[in-house]
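Quick notes on the structure that follows.
The values are calculated or read from the model by the stated rules, or taken from the named source; none is laboratory data. It should be emphasised that the depicted structure is a prediction, and the values quoted were computed from it without experimental measurement. Here the Cβ is made from the backbone with ideal geometry for all residues, glycine too, and neighbour counts use every protein chain on show.
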Amino acid sequence: MGLGRPNRGLRLVVRIGYFFGFAILAIAVIMILIAAFNFLTGGGNEEKITAARNYLIYALVGVGVALLAFWLPTVVGNVIGT
């Protein structure tokens with residue numbers, strides 16, 4: 001292994017990170033759509049509005065985790081020197 005060539009293990013970790021990032025991002029988009037539907041159909045029902053707000057908060061946290069899953073392998077690769 002040379003200094004500029006990433007090893008197979010690191011490439012596998014990067015691929016797994018990207019896979020989970022895409023999966024989490026897809027789930028977060030679905031949760032945002034559910035939250036929007038609950039906001040629109042809530043009709044002033046405080047329980048539905050609260051549930052929709054919680055879905056939206058969890059979805060935004062999911063987007064943050066997905067972005068971290070995309071960003072972290074790049075940072076680790078740069079630190080290791082690939």
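The condition (being loosely packed, with under 13 Cβ neighbours inside 10 Å and out of contact with any Cys (no Cβ under 6 Å at 6 or more places or on another chain)) is satisfied by just one residue among F19, F37: F19. The residues on offer are L72, L25, L40, L33, and the sole one that is within 24 Å of N7 (Cα to Cα) and of a type in the set (A, V, I, L, M) is L72.
Here V13 fulfils each of the conditions (1) out of contact with any Pro (no Cβ under 9 Å at 6 or more places or on another chain); (2) in a helix (DSSP H, G or I) apart from (1).
Among residues that are in a helix (DSSP H, G or I), modelled with pLDDT of 90 or more and in contact with a helix residue (DSSP H, G or I) (Cβ under 6 Å, 6 or more places away or on another chain), L56 is included.
When I32, I49 are checked against the criterion of being of a type in the set (A, V, I, L, M), part of a helix (DSSP H, G or I) and more than 17 Å from the chain's Cα centre (by Cα), I49 stands alone in meeting it.
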